[in-house]
1. Checking residue 80 against (1) at negative phi; (2) touching a residue at least 12 places away in the same chain (Cβ under 8 Å); (3) crowded, with 18+ Cβ neighbours inside 10 Å, which test does it fail?
2. Which residue is surrounded by the fewest Cβ atoms within 10 Å (Cβ to Cβ), if the candidates are limited to segment 45-72 and must be more than 14 Å from the chain's Cα centre (by Cα) and more than 13 Å from residue 228 (Cβ to Cβ)?
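FYI, it's all coordinate maths here, none of it is from the lab. In this text the structure is predicted, and so the values were computed from the model without any measurement. A quick note on method: Cβ atoms are made from the backbone with ideal geometry, for glycine too, and the neighbour counts reach across all protein chains shown.
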Amino acid sequence: MQMNEPDTHFGADADPDRRKIGPVILDLKNISLSFGGVKALTDISFDVKQHEIRAIIGPNGAGKSSMLNVINGVYRPQLGEIIYRGEHRKNMDCHAAAKSGIARTFQNIALFKGMTVLDNIMTGRNLKMKSNFLMQALYWGPARREEIAHRVKAEEIIDFLEIQAIRKTPVGRLPYGLQKRVELGRALAAEPEILLLDEPMAGMNVEEKQDMCRFILDVNDQFGTTIVLIEHDMGVVMDISDRVVVLDYGKKIGDGTPDDIRCNQDVINAYLGKACE
Ligand SMILES: Nc1ncnc2c1ncn2[C@@H]1O[C@H](COP(=O)(O)OP(=O)(O)OP(=O)(O)O)[C@@H](O)[C@H]1O
């Protein structure tokens with residue numbers, strides 16, 4: 001498969017010293033996942049360090065989205081182990097993963113198109129809400145105070161993502177690049193420790209990609225959020241990632257810094273298509 005050429009520099013090269021990369025917080029060991037006869041992942045191991053930007057790349061069907069789905073508990077691997085914040089599990093549980101600080105965006109935008117930007121971002125606060133449905137329906141004392149606090153948080157995210165002007169606009173009316181930004185906002189509303197981004201730049205023009213890169217780097221830098229992202233644009237991947245893991249037909253064929261990956265012959269053969277310069 002042919003990827004986009006690195007047509008621009010996306011700035012802010014990952015600098016592990018400045019950004020204080022921490023210890024491993026997520027360790028995936030020997031993960032295998034099949035759907036009937038289809039082996040989506042075979043014996044995959046890699047880890048994610050606190051505060052790093054970790055990319056997963058590979059051709060279509062390589063197993064990248066399946067890997068994110070294993071990390072946030074949507075898929076349960078048949079073999080392997082996941083160690084998250086020191087706790088060993090055979091698989092993650094979707095709700096527990098979200099509660100314990102793993103948030104996600106999707107390849108195809110998954111927002112409520114008829115709802116405003118603000119309300120979509122508020123849905124990202126759901127897991128943090130303590131008041132029950134009845135209290136919220138009656139908008140009673142504590143529920144009211146709680147909602148105000150959550151709205152303040154949502155507004156902070158809106159300011160951070162520079163989308164104040166569209167906060168009351170229904171999401172379905174926004175151009176694609178802005179919808180992707182709102183989806184990032186909804187994931188940030190959960191105040192995640194690990195943010196999983198599935199092709200955050202897909203379908204964007206160069207300017208929109210530059211904006212999205214800046215926001216991803218700022219989230220990582222200012223909030224200390226660890227980021228795991230799937231991306232096909234190699235210019236973006238090589239510019240913003242600390243480490244890259246490469247999948248091909250469900251197997252791991254490379255793992256290392258962007259420079260290691262650029263010059264890895266298996267990765268060149270399977271995906272990059274040309275030797276490093
Ligand atoms: N729910 C599912 N049921 C059956 N097969 C699946 C399912 N999810 C993924 N697969 C299969 O697993 C393999 C890996 O798919 P996956 O979507 O993880 O790849 P990918 O690297 O994310 O591809 P792309 O870059 O096209 O999004 C494919 O053969 C796919 O058809």
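1. Residue 80 satisfies every listed condition except (1).
2. 60
Listed here are the residues, each with its yes/no results for (1) of a type in the set (S, T, N, Q); (2) under 22 Å from the mean Cα position of the chain (by Cα); (3) more than 23 Å from residue 203 (Cβ to Cβ).
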{"position": "229", "(1), (2), (3)": "no, yes, no"}
{"position": "240", "(1), (2), (3)": "no, yes, no"}
{"position": "248", "(1), (2), (3)": "no, yes, yes"}
{"position": "251", "(1), (2), (3)": "no, yes, yes"}
{"position": "265", "(1), (2), (3)": "yes, no, yes"}
